[in-house]
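Have a look at the structure below before the remarks.
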Amino acid sequence: MSTRSDHVDGMATVGLRCGARSRRVVLVAAGLAVALTSSLTAGCAHGGRDDDRAPQHTSAVPAPPAALSRGPASSAAPAGTPLAVKIDNAPEARPQTGLDEADVVYAEQVEGGLSRLMAVYASRLPRAVGPVRSARESDLELLRQFGRPTLAFSGAQHKLLPLIGRAPLRAQSPDHAPGAYYRGPGRRAPHNLYLRPHRLLAAAPGTVALGTGFRYGPAPAAGGVPAASRTVRYPAARFTFTWSAARGRWLVAMDGRTTVTTAGTPVAPATVVVQYVRIRTSRYHDKLGNHTPYTETVGSGEAEVLRDGRSFRASWSRPAATDGTTFTAADGGPLAFAAGQVWVVFAAAP
């Protein structure tokens, strides 16, 4: 059942007669409406098909004060593997929560030319992350580099669920771990589902769990050019990264608006990678018939690395899905990233 709708589009007109029979008809109709609404509301929170064009319905359910306690994980997670969270990036989902605390943020194109994020947490776990949204087929290839990571997501297209179930990861949707999720106040579904990371992982595994292949260290001595800002465009979304010398970071703006968290903290990675990849059409599509893009992250290609207020031309290589991605500078040496958060924006190769 699609999660694109959380209400009944139409009302049955019941011809009422008189007396007790009339009242019984009204009560039965009302009961059916409540049952249908409840069923559709539950579908929005669990493993159905959802996308960034879904309407905003369903009343928000605030988390109780104790919901954010850093208690034990709901089930055992593989030791030394990170947490990956699919994060909504529709305008209605902003500002997001916990995005600034991720070690790596991947930006990908989804249906209709919109964007979605996948945040990877290893060095620390925030108290809450969200809004959480659905997974895509290409996420499974991207996540192979982390061994058997934990993937937090709201659901997926029905035909994709068996593929997720067979993937070498710990899939944790609200169906698998209902106690780890809650509906936040002030927004309507599907843009109000949040995760309590400590309900999935007892503790942060540490940066050793990041099997990205990234190197960190000083910038290359040559080859870079000064860069004040860089914009990456999707058909219906855009990311702009502006260098802040005062912060020593790249300030993120999405669709022309500065990106901050719900706490008001600017999202400011130390390194930004524009990775040019093949983006092809997958066999999946949304309710409107928009095919889901598949982002190929295994292979090789060109890239642009932004760090320290400069832009460096680079090439990337990932021979197999179980490998991390390495970046090589123009002089043939490894291109190191600045210490801190890394954003990787997947852009269509020319």
The lone condition A268 fails out of (1) open to solvent by 10 Å² or more (accessible area, probe 1.4 Å); (2) more than 19 Å from the chain's Cα centre (by Cα) is (2)
Taking Y121, is it hydroxyl-bearing (S, T, Y), under 30 Å from F327 (Cα atoms) and surrounded by fewer than 19 Cβ atoms within 10 Å (Cβ to Cβ)? no
Identify the single condition in (1) surrounded by fewer than 16 Cβ atoms within 10 Å (Cβ to Cβ); (2) farther than 22 Å from S229 by Cβ; (3) more than 19 Å from the chain's Cα centre (by Cα) that S315 does not satisfy, given that it satisfies every other one. (1)
Among the residues of region 220-233, count how many are modelled with pLDDT of 95 or more and either open to solvent by 60 Å² or more (accessible area, probe 1.4 Å) or of a type outside the set (G, A, S) (or both). 8
Being in contact with a strand residue (DSSP E or B) (Cβ under 6 Å, 6 or more places away or on another chain), closer than 30 Å to A303 by Cα and of a type outside the set (D, E, K, R) narrows it down to one residue among Y194, Y216; which is it? Y216
Of everything in region 234-256, what is more than 17 Å from the chain's Cα centre (by Cα), surrounded by fewer than 17 Cβ atoms within 10 Å (Cβ to Cβ) and not in a loop (DSSP other than H, G, I, E, B)? Give them in sequence order. T242, S244
Given the structure, is S134 under 16 Å from I87 (Cβ atoms), under 15 Å from the mean Cα position of the chain (by Cα), of a type in the set (G, A, S) and in a helix (DSSP H, G or I)? no
Positions within region 175-199 being in a loop (DSSP other than H, G, I, E, B) and either open to solvent by 10 Å² or more (accessible area, probe 1.4 Å) or among the aliphatic types (A, V, I, L, M) (or both), in sequence order: D175, H176, A177, P185, G186, R187, R188, R196
Against the condition under 24 Å from the mean Cα position of the chain (by Cα) and within 19 Å of V104 (Cβ to Cβ), how does T231 come out, does it pass? no
Quick check on my filter: what residues within region 149-163 are in contact (Cβ under 8 Å) with a residue 40 or more places away in the chain, among the aliphatic types (A, V, I, L, M) and open to solvent by 30 Å² or more (accessible area, probe 1.4 Å)? L161
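Look at A202 and say whether it is surrounded by fewer than 14 Cβ atoms within 10 Å (Cβ to Cβ), of a type outside the set (D, E, K, R) and touching a residue at least 60 places away in the same chain (Cβ under 8 Å).
It is false that A202 is surrounded by fewer than 14 Cβ atoms within 10 Å (Cβ to Cβ), of a type outside the set (D, E, K, R) and touching a residue at least 60 places away in the same chain (Cβ under 8 Å).
The values are calculated or read from the model by the stated rules, or taken from the named source; none is laboratory data. These numbers come from a predicted model, not from an experiment. Every residue, glycine as well, gets a Cβ built from its backbone with ideal geometry; the counts of neighbours run over all protein chains shown. These area figures cover heavy atoms from the full protein model, side chains too; ligands, DNA and RNA do not enter into them. Shrake-Rupley method; radii C 1.70, N 1.55, O 1.52, S 1.80 Å.
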